[in-house]
Amino acid sequence: MGRVPRGSRPLAITIGLVGGLLAISGVAIAHPGIGSKFDAPVPLSLLLGGAGLTVAATAGYLAVADRPVGAVDRPLARIGPGASRALRALGRGGFLLLFVVVLLDGALGRQSQLENLATVVVWPLWLKGIAVLAVLVGSPWRVLSPWRTLYVGLCRLEGRTLALYDYPLGAWPAVAGVLLLGFVETLTVVPREPLPTTALLAGYAVLMLLGGVAFGPAWFDRADALAVLYGLFGRVRVLDVRRTPRGGYDLRLRPPWRGTLDPVSVPEVGVVIAAVFTVSFDGFRGTPEFAALAAVAREAFGPGLAAALPLYVVGFALFLAAFLVVGWATGGVLGRGTRETGRRLAPTLLPIAAAYELAHNVDYLLLNAGHLIELLVGRAGASISLDPAAWLSLPAYWGLQVSLVVLGHVVAVVAAHAALVRCAGAESPVGRAHVPLTALMVAFTLVSLWTVSRPVVA
């Protein structure tokens with residue numbers, strides 16, 4: 001196993017810098033998510049300056065030292081084949097049952113956001129909760145996906161794998177799916193309405209099941225937006241759960257940049273950029289600045305979605321354009337094409353998306369977990385009142401927020417260095433090639449922390 005790779009020293013340096021920032025008092029209003037009651041104990045200018053400097057200094061250290069980044073996995077534990085099969089069966093059956101119950105309650109239950117399983121479960125605990133799980137231990141979606149489970153059941157009834165055609169589209173449907181899902185989640189009332197949520201979920205399930213019958217298992221791997229998104233988030237996992245040939249699981253600890261070193265396909269580049277954009281847009285939409293832009297858009301395009309859609313499209317276009325410029329500039333330094341460089345650099349942005357996903361949704365998950373328990377206890381005839389975030393002090397909360405965002409960006413810089421070394425070749429220096437991507441990552445750092453510092457606008 002050996003000693004800790006020298007390329008990982010910036011993580012230790014970052015922890016010290018973040019700790020220093022959090023030790024200084026001041027006030028900036030927070031925007032961590034729904035139901036927030038926290039203020040930041042750090043002056044905003046110091047927060048942004050220190051975070052940007054930390055990310056830039058990490059890139060500078062790696063570029064000047066020009067050392068390879070270690071990516072050694074460390075064995076942790078093993079789960080036997082019998083227990084693993086039981087866990088998979090429990091996961092498949094349990095999630096399919098949850099899927100059916102959510103649909104029934106969404107269609108027939110009380111149409112109130114906090115009193116219906118569709119709105120309490122689907123958006124916070126399913127969409128965001130499984131994303132968090134994927135970031136920590138890898139995507140469980142191949143096991144949990146209810147439409148894949150139904151498809152497997154149909155195949156067993158038929159006694160063969162159902163597939164009428166070869167699948168031709170790659171991950172392009174997933175790009176559209178992630179963007180559409182982000183738009184619905186951030187700019188429509190659907191997440192607050194049980195019946196529309198149920199209709200959307202049922203419609204997506206039918207689409208996935210029909211696609212599976214038409215194109216076979218490849219459809220679930222490449223066209224399901226959730227499968228592709230969770231799979232990409234799983235690349236930054238620290239706990240690696242590997243299936244053994246006998247059906248068990250090996251649990252291994254690994255550096256969080258380990259899974260970002262392999263290039264993605266061209267459509268998966270779009271999914272990565274969409275993931276970074278949608279979670280950033282989700283935070284930005286609650287700020288006064290977004291409210292001002294929305295007012296201008298309403299005057300130009302009219303009320304409702306007609307005003308929201310241009311803001312969403314322009315925002316994604318800016319994120320995509322910024323990444324393409326970085327790919328072009330970096331490829332020029334390395335003597336590589338923009339396409340190849342983009343495929344190698346896109347995965348290095350995943351730690352940023354994953355870190356902001358965790359930071360932005362920590363209270364959202366906690367609050368809705370409490371709502372779910374209250375709802376279930378209430379239906380059992382009892383009563384309970386929970387505040388799952390009550391134990392979380394102000395310094396601890398903002399320590400978590402800032403640490404996740406900054407450490408995520410530092411991991412992305414470390415990953416980018418390793419990807420640049422692979423792209424250029426071991427003998428070629430990559431110092432100047434760091435500049436475009438580092439500039440983009442510093443910009444993402446500042447935007448992320450600025451967003452969570454802004455007051456929430458209803």
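Every read-out reported here was derived from the displayed coordinates using simple, explicitly stated rules and does not represent laboratory data. Predicted, not measured: the structure shown is a model, and the values here were computed from it. In this analysis, Cβ positions are derived from the backbone assuming ideal geometry, glycine residues included, and neighbour counts consider all displayed protein chains.
The overall shape of the range 73-254, judged from the alpha-carbon gyration tensor, is prolate: a/c is not under 1.5, and a/b is greater than b/c. Each of M441, M208 was scored by other Cβ atoms within 10 Å of its Cβ. Listed from fewest to most, they are M208, M441.
Descending by average beta-carbon neighbour count within 10 Å, the peptides 214-227, 295-308 line up as 214-227, 295-308, the highest first. When each of the peptides 115-126, 90-101, 336-347 is scored by the mean number of other C-beta atoms lying within 10 Å of its residues, the order from highest to lowest reads 115-126, 336-347, 90-101. Sorted ascending by nearby beta carbons within 10 Å, beginning with the fewest, S139, S280 become S280, S139.
Close amide-amide hydrogen proximity is noted between R78 and L251, each under 5 Å apart and 5 or more residues distant or on a separate chain (H modeled in the peptide plane; Pro and chain starts excluded). Modelled this way, with points 7 Å down the Cα-to-C-beta line, the labels at D166 and T338 are 3.0 nm from one another. Taking a sphere under 13 Å around the Cβ of L261 and counting the other residues whose Cβ falls inside, with K and R at +1 and D and E at -1, yields a net charge of +4.
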